[in-house]
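Reading through the structure tokens given below for one structure.
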Amino acid sequence: IPKRLRGYFRYDRKLSSILFQAAWGSIDEVLGADGAVPAAVLTLQTAGEALNFHPHLHGCLADGVFYPDGKFQRFAVIDQGALNKAFGARVLAALLDKELISSDDVDQILSQQHSGFNVWLGDSFQDSESEKFVARYIERGPISLDKLAIRDDIVTYTAKDNVAHEFDTVEFLALLSSHIPKPYEQ
């Protein structure tokens with residue numbers, strides 16, 4: 001989601017439901033049809049690569065739709081652009097409905113070449129190793145211990161682009177704690 005909207009989700013974690021509702025609504029709108037139902041598993045992630053607060057969803061989408069009679073039909077193609085547009089519109093509508101943003105904010109965000117909304121879909125897979133990888137990926141915590149080093153009270157967190165981010169220990173704990181939801185907010 002756009003950087004300018006992330007603060008709302010950081011300070012009111014209950015708003016995370018907007019992301020789930022927007023994602024599922026978009027999936028159902030774009031991919032469901034004629035009684036067919038898509039299927040997805042979604043989880044909330046809040047950490048960006050440098051432990052910045054970056055709320056987003058990880059998930060697994062079935063490679064087709066299910067019909068009430070039990071029939072499964074694979075997608076011929078998935079319109080990722082339509083999913084992206086629908087997701088952004090739903091998030092903005094929900095924030096507008098809650099009076100957290102104005103219609104001018106919506107117009108400004110949508111007028112940009114890159115709105116800040118992004119839906120990404122990987123290739124489909126059938127093998128168990130890919131299934132395990134994706135399951136671990138969508139469930140992962142905010143940090144990877146492999147990227148973490150501590151020396152002389154300085155915590156170094158190396159991002160996947162090999163950029164090392166250094167924090168004093170209290171600053172690191174504060175950053176890390178911002179990714180821990182309160183009870184019943186996960």
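Quick note: the coordinates plus some simple rules give every number you see, no bench work behind them. Fair warning: this is a prediction, and the values are worked out from it, not measured in the lab. Positions of Cβ are backbone-derived with ideal geometry, glycine not excepted, and every protein chain shown enters the neighbour counts.
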Inter-part gap, Cα centre of the stretch 137-159 to Cα centre of the stretch 71-133, in whole angstrom, is 29 Å
In this structure, among Lys3/Lys85; Lys71/Lys132; Lys85/Lys182; Lys3/Lys182; Lys132/Lys160; Lys14/Lys85, pairs with alpha-carbon gaps over 28 Å are Lys85/Lys182
Cα extents of the stretch 68-127 per principal axis, largest first, Å, are 44, 28, 18
If each K or R counts +1 and each D or E counts -1, the residues other than Lys132 whose Cβ falls under 13 Å of its Cβ total -2
Scalar couplings 3J(HN,Hα) for the stretch 116-124 by Karplus 6.51 cos²θ - 1.76 cosθ + 1.60 (θ = phi - 60°), nearest whole Hz, x for Gly and Pro, are x, 8, 8, 10, 10, 10, x, 6, 6
Percent relative contact order for the stretch 30-186, counting Cα pairs under 8 Å at least six residues apart, stands at 22 percent
At the level of C-alpha centres, the distance separating the stretch 9-27 and the stretch 33-49, in angstrom, is 11 Å
When the charge dipole of the stretch 1-149 is computed with +1 on Lys and Arg Cβ and -1 on Asp and Glu Cβ about the Cα centre, the Cα farthest towards its positive end, among Tyr137, Gln80, Gly25, belongs to Tyr137
Measuring from the longest principal axis of the C-alpha atoms of the chain, the long axis of helix 128-139 (C-alpha) lies at a number of degrees, nearest 10, equal to 60 degrees
Applied in sequence order to the stretch 101-115, the curve 6.51 cos²θ - 1.76 cosθ + 1.60 (Karplus, θ = phi - 60°) yields integer Hz couplings, x standing for Gly and Pro, of 10, 9, 5, 5, 4, 4, 4, 5, 5, 6, 7, 6, 4, 10, 5
For the stretch 147-161, in residue order, the Karplus 3J(HN,Hα) values (coefficients 6.51, -1.76, 1.60; θ = phi - 60°; whole Hz; Gly and Pro = x) are 9, 10, 9, 10, 8, 6, 6, 10, 9, 10, 10, 9, 6, 5, 8
If N is the residue count of the chain, its Cα Rg over 2.2 N^0.38 Å rounds to 1.16
